[in-house]
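A short reminder: the numbers here are calculations on the coordinates, not readings from a lab. Not measured: the values here are computed from a predicted model. Cβ atoms come from the backbone with ideal geometry, glycine included; neighbour counts cover every protein chain shown.
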Amino acid sequence: MKHRFLYPERVLAGLALAGLLTAMTAGVAAQGLFTTRTLSNPGGPASIAIADFNLDEKADLATGNFDMATGRTVGVRLGNGDGTFPAPTLYNLSAPPSSVVAADLNGDFFPDLALTMDNANAVAVLLGLGDGTFSAPENYGTAGGPHYLTAVDINNDFCLDLAVAAQPSGMVSLLTNRCDGTGTFRPASHMAVGPFPHSIASGDLDFDFNADFIVVNITLHQLNIYMGNGDGTFRRGASLDVGTFPHHVLVADINGDFWPDLVSADSFESNTASVLWNLGDSSFFLIAQYPVGDGPLHAETGDFNGDLIADLALTNRGTNNVSILLGDGFGTFGEATYYPAGAETTRLAVGDLNGDNKPDVATADVEGNSITLLLSR
């Protein structure tokens, strides 16, 4: 199955023929980009983050372990700098975590952790101590069924807040940082965003220096945009149709025009990556849909072949692999090539895991009880 290009006249005029030809054939070059390594991770890792938790300039890993019996933990592995990792240090949570984000929440320059806990209707925050260890988790209430979160400054006070997609309740919960150096948050406010907001992403989509949201409404098969006012409030923007049952949206400049574009991971029936270009006027256009594996759940970007052009990586839960699509610099991509991962791979993160200044990929494999590392050659 070939990818579908969906060019309006306005967008088609901006495409170079050479870029299109490169996109049609670039998939061949993606073969052999990575070597694969597997880490045992009991507890059912459902999410993963990469950061330097002990400030030794080596990438570390954090996983949210979801298994109801053996999970309910966040596991932290301090990297050796060569793509190897010791057994994790585990921190107990009050409920299984569904997503994890690493960010400096208290302004001390140490990465902290925040995790959604669907069954507890809460977010757990663990403050990093700078030596690779963390404080005990502090829980903050959210709307029902928090599934995914992003850390972003929503009110322009230079402190990171948390925005949480609460799927069953049709809400996004906003936890604003007290911004007093403690890494604590005010009680959540909530905004209705339509049915089944499965995940959320943030970015400044219109260059007004205010954070905007993209909410993935899984049953509407849509991305819905909320434009930030800079004071912690939002106004409704465009609704963007993508493939069926989208699970995640990536915000990144993929065509080199400095405007943040969107890529959605469309699961189940579509099994595609939908690429939407930012047209620079707060509107987007669905430029192409690329076939990937069965059940794509998560998308990230990185320059995987060293050509200074954005490429894509997606996890495929149904086929237990990762799709790599190489970019051509014009915002289009070659056909996917595939690298094996563990059973029911869900989320992925991109970072330099072995100190060679090349982006690597780490996946959370929930049924495989494993982490798969794709190390750039």
So what is the calculated 222 nm ellipticity per residue for the chain, using -39500 (n - 2.57) for each DSSP H run with n of 4 or more, over all residues, to the nearest 500 deg cm²/dmol? -1000 deg cm²/dmol
Indicate the gyration tensor shape class of the stretch 40-153 (rounded, prolate or oblate), computed on the Cα atoms with a ≥ b ≥ c the square roots of the eigenvalues: a/c under 1.5 is rounded; otherwise a/b larger than b/c is prolate and the rest oblate. oblate
Two-decimal Rg/Rh across the stretch 124-249, once Rg and the Kirkwood Rh are taken from alpha-carbon atoms: 0.99
May I ask for the net charge around LEU78, where only other residues with Cβ less than 13 Å from the Cβ of LEU78 are counted and Lys, Arg are +1 while Asp, Glu are -1? -4
All other residues with a Cβ under 12 Å from the Cβ of GLN222 taken together, and with Lys, Arg as +1 and Asp, Glu as -1, what is their net charge? -2
From zero outward in steps of 5 Å, how is the percent of C-alpha pairs of the stretch 301-368 spread across the bins? 4, 19, 24, 22, 18, 10, 2, 0
At R0 = 35 Å, FRET efficiency that the Cβ-Cβ distance of GLU57 and GLU367 yields, to 0.05: 0.55
In Å, the Kirkwood estimate of hydrodynamic radius for the stretch 229-377 over Cα pairs equals 15.7
Could you run the Karplus curve 6.51 cos²θ - 1.76 cosθ + 1.60 with θ = phi - 60° over the stretch 174-181 and give me ³J(HN,Hα) per residue in whole Hz, x for Gly and Pro? 10, 9, 8, 5, 5, 6, 10, x
Compactness check, the chain: C-alpha Rg relative to the 2.2 N^0.38 Å globular estimate gives 0.92
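Calculate the tail of P(r) for the stretch 169-231: the fraction of all Cα-Cα distances greater than 20 Å, expressed in %.
36
Provide the net charge surrounding ASN119, with neighbours chosen by a C-beta distance below 15 Å and charges set as Lys +1, Arg +1, Asp -1, Glu -1. List each step's numbers first, then the result.
Details: positive: ARG72; negative: ASP67, ASP118.
Local net charge: -1.
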Using only the alpha-carbon atoms of the stretch 94-193 as identical scatterers, what base-10 log of I(q)/I(0) does the Debye formula give at q = 0.14, 0.24, 0.25 Å⁻¹? -0.45, -1.27, -1.35
State the percent of C-alpha pairs, over all pairs in the stretch 89-141, separated by a distance greater than 12 angstrom. 60
Given Cβ point charges of +1 (Lys, Arg) and -1 (Asp, Glu) and nothing else, what value in debye, to the nearest 20, does the dipole of the stretch 192-331 about its Cα centre take? 520
Scale the Cα Rg of the stretch 111-170 by the rule-of-thumb value 2.2 N^0.38 Å and send over the ratio, two decimals. 1.18
